Every structure is written in structure tokens, then in C-alpha cells.
Amino acid sequence: MVMQQFQTEHELHRRRRSRNVGLGLVLAAFVALVFALTVVKVRQGDLMEAFDHQPRTSIVPQDEASE
Amino acid sequence: MIPGSQWPRPTDPLIQKRAGMSDTHAYDHTPEAEFGDFVALLKPRVMSLVVFTAFVGLWVAPVPMHPFLVFCSVLFIALGGGASGALNMWYDADIDAVMNRTRGRPIPSGRVTGGEALGLGLGLTVIAVMMLGLTANWFAAGFLAFTIFFYAVIYTMWLKRWTPQNIVIGGAAGAFPPMIGWACATGGISVESFLMFALIFFWTPPHFWALALFMKEDYHKAGVPMLTVTHGRAVTRRHIFGYTLVLAPFALWLGLTSVGGPIYLAVALVLNVLFIRGGWQIMRRSEETAIADNYAVERRVFKLSLYYLFLHFLALMVQHWVGAW
């Protein structure tokens, strides 16, 4: 009888697990979403530049760039 | 005092200690939030309207977008709508605790604290706006940020408790999503997107006031100046009819723009005739007649208003699919 009480899951634990699993799934979905978004953006040829200690080709004037 | 802070969760150790509760007592008698409670803070039913209208705004825009970017844009607009819902529940926890319909919401029922709702609302606002900027463009992201500000600050904190026109002006927040959707695709606004805004903006008052006539909530006790309370039910009935008249030209005008066409115009014509007729019937009824048949006409017009908005936007989608003007 006592063992059965220990084995029975309490409502509190169910609610906590619901929060943990829910948040985990949301985070995993967000990571997947950002990855897929990046793939689509890059394939579309969207402008995505980070600072890399070099002149950015997109802001160099056309004449200067062709010289 | 921060609104909502008067709703501490009873599982807080300090509260348990003050109440002389053992862990067992606390666990047996106090609610604790589950994942669904945080989802409920985002007002999923309101989000469904945001998702649908924002999607139509994007769908009918003249600039095509990659399907996955459409999906992400609508998702982040919906997330922004959810964030404003959480901020609304945080600020309105005192009102929600008084009214029967809202008493079971996560904050007044003690399952979620006001601070948690505020944190969720602000956090989701930042994520939704930034991600929409990266997904679509920064004009649309700024528009989304303004919409959240409008709903959470202008409507919830200011207008709702101050003027009986709260529903009218606050309705703008619910009307912006198709404009944001359009802005995601085009990077700007146009007469078409303004008319989609106007369609929802002028639809909101008759929709909510028809509901307010038969859902007699205790707005007076909650301190919310609803038109039914401040100006009486007869004035509310006249306002409903008046707004159905104002709404119709905007709905039909949308049919004459680049997103319109014969299918949309036919649908809009029929729906507006029915809606004006419903508004007229509501205005002509006395309160005694309405009580006698348990607000049958008011309930019917409210139901019609739901179909009205859904079918207008559905007609826009169909029209775009078969070809607009």
C-alpha cells in the first residue's frame, strides 16, 4: 500500500514535466526554424554580411570596385 | 504597485512559510502552472484571427515570397500578438479576477504570477520583432512593435479603463495584422492594405457591442467603462447600426482595388446587406423584447459578424487565386 503511494505520480510532477517538455520542444523547434530560415535566405542570395575586418563589397562604390 | 503583483503564486516558499504550510499541504492545495497555462496567456483564440488575417495580407500582396518565409512571417506576427495578450493579462489581472468569464485565467487563479506573465510578454515581444525583421524586413518588424505597443499600452493601460470608445480605438490593434502581412511582402503600405485594416477596424465595434448586449458582464464592478454601462443599451444599439453603415463602403471599396474582383464584390455585397439588416433589427428592438426571446437577434448578428470577417478575407484569398481585376 505504501509502495503504491510512492509509485503514483503526483499532479505536481505532471505539471512540472509538462512545462519542461513544452519548453524543450519550443527551443528545439526554434533552433530548427532559425536553421531552415538561414538556408532559405542564403539560397535566395539575400545580403547577409558580418564584419570581418575587410571592406564590405556592398558599400564600396561601383566605380571604385571595378578599378 | 505593479499590477498583477497582488497575485503571488501560493507555491512561493515565503508564502508557504507565512501561512504555516508544510510542503505536503502546499502541494495538496495550491495550483502550479503547466505548459498550457503559459500558452493560455498568449490568448490562442485571438491569435487565430491574427494568423488568418496576416496570412491573407501576405497572400494577396503583389510581391511573391518564399513559402517558408511566409510561414515564418505569419508565425512571428502571431507570436507578437501572443506577447501583447500576455502583457494584457498581466495588466488586467485585477479586472480578470472580478469578472466570471475571466476569473479562471492563469494569473487570477494563482497558477502564474504577474511577473511571469510580464516577463513572457516582454521576452516574446523582443523575439517576435527581431525575428520578423530578419525574416521579412524591418518596416514590418517596426509595424509589429508599434502594434504590440498600441495594444498593451494605448489600449490596455489607457483607453480600456478611461473611455467607452475603448473598443473602437483599441480595435486598431486587431486590425493591423493584414497590414503587417502586406508590409512583409511589399515593404510598405498601400490603399489595399489600409482598406483591409479599415474592414477589421469598423467591424470590431458592432461585433463586440452585439456580444456585450447579451453577455451581461459586470464591467461596472470591474471599473471598465463599456458603452452598454456608460450610455445605456439603447445608445449601444444605435451605435451598432451606425457602424454597420460606416463599414459597408470600406468593404466594397476594397473590391474595387487591385486585390478585388467580381467574386469578392459579390460576397461583400451579400454580407454587408445582411450585416446592415442585422444592425437595423438590433436598433429597432427594445430591451424588453430582447429579454423575452433571450437576445435571439443579438446572438444571431454576433454569429453573423464572425462569418462576415472570415468570409471577406476568404473571398480575398479566392479572388487572388482565380485572378484579381
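The values are calculated or read from the model by the stated rules, or taken from the named source; none is laboratory data. A quick note: this is a predicted structure, and the numbers were derived from the prediction, not measured. Ideal geometry is used to build each Cβ from the backbone, glycine not excepted, and the neighbour counts take in all protein chains shown.
Here is how the numbers come out for the structure above:
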| item | result |
| --- | --- |
| Any helices (runs of 4 or more DSSP H) falling wholly within the range B:207-324 and containing at least 2 residues that are small (G, A, S) | B:233-254, B:262-284, B:287-292, B:296-322 |
| Members of the range B:38-70 found to be surrounded by fewer than 18 Cβ atoms within 10 Å (Cβ to Cβ) and of a type outside the set (V, I, T), listed by number | B:P44, B:R45, B:S48, B:P62, B:P64, B:H66, B:P67, B:F68 |
| Residue match in the range B:181-193 (condition: within 30 Å of B:A296 (Cβ to Cβ), outside any helix (DSSP H, G or I) and free of Cβ contacts under 8 Å to residues at least 24 places away in the same chain) | no |
| Condition check for B:G82: in contact with a helix residue (DSSP H, G or I) (Cβ under 7 Å, 6 or more places away or on another chain), more than 13 Å from every other protein chain (Cβ to nearest Cβ) and buried (at least 19 other Cβ atoms within 10 Å of the Cβ) | no |
| In the range B:19-69, residue nearest to the other protein chains (Cβ to nearest Cβ) [restricted to those that are under 16 Å from B:R111 (Cβ atoms) and modelled with pLDDT under 80] | B:Y27 |
